[in-house]
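Presented below is the structure to which this report refers.
The values are calculated or read from the model by the stated rules, or taken from the named source; none is laboratory data. Bear in mind the structure is a predicted one, so any value in this text is a computation, not a measurement. Please note: Cβ atoms are built from the backbone with ideal geometry, for glycine as well, and neighbour counts cover all protein chains shown.
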Amino acid sequence: MSVISFIGRVEKPTLRIFANKPCLMFDVIEEYEYRFQGEIKTNKMAIPVKLWGKQADEYNNYIQAGQTVYIEGRLSITRKRSDQTGEYNTFVSVEPNLNGLRIITNPVTPEIM
């Protein structure tokens, strides 16, 4: 089985119910730097993460936007047919292993001047 792991910042955590099963969805923002024509640039990549069932219920009490998290899990690839065009759309997300989510830091709060 292939495993993917990364560290990033949580954005937009949302708990939803699908077929009577809870699903906690959020993006993890990973930032990285690269050099282009001698100039250092920063790029951000949003990686969708989904937690299901008991794991979703448990982490819904702890996950907050702005936290830094470590994720280890598998890629989940879903194909859905578009009603309008008839073409397939592919959606990719990461589903953490049972112990594959660790909260590293608390959310960053802006300083009051």
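For this structure, a couple of remarks:
- The range 42-59, subset under 12 Å from the mean Cα position of the chain (by Cα) and among the β-branched types (Val, Ile, Thr), residue surrounded by the most Cβ atoms within 10 Å (Cβ to Cβ): VAL49
- Residue match in the range 6-14 (condition: surrounded by 10 or more Cβ atoms within 10 Å (Cβ to Cβ) and more than 13 Å from the chain's Cα centre (by Cα)): no
- Residue count for the range 60-90, restricted to those that are within 13 Å of the chain's Cα centre (by Cα), under 19 Å from SER5 (Cα atoms) and without any contact (Cβ under 8 Å) to a residue 60 or more places away in the chain: 4.
- Within the range 22-41, the residues that satisfy the criterion of being exposed (fewer than 11 other Cβ atoms within 10 Å of the Cβ) and of a type outside the set (A, V, I, L, M) are GLU31, TYR32, GLU33, TYR34, ARG35, PHE36, GLN37, GLY38, GLU39, LYS41.
- Matching strands (runs of 3 or more DSSP E) fully within the range 1-68 where at least 2 residues are closer than 12 Å to PRO96 by Cα, modelled with pLDDT of 90 or more and not aromatic (Phe, Trp, Tyr): 21-36, 39-52
- Selection from the range 16-41 of residues that are under 22 Å from SER76 (Cβ atoms) and more than 13 Å from the chain's Cα centre (by Cα): ARG16, ILE17, PHE18, ALA19, ASN20, LYS21, PRO22
- On the stretch given as the range 82-95, residues that are surrounded by 10 or more Cβ atoms within 10 Å (Cβ to Cβ) and touching a Phe, Trp or Tyr at 6+ places or on another chain (Cβ under 9 Å) total 2.
- The range 1-33, residues that are under 18 Å from TRP52 (Cα atoms) and without any contact (Cβ under 8 Å) to a residue 12 or more places away in the chain: ARG16, ILE17, PHE18, ALA19, ASN20
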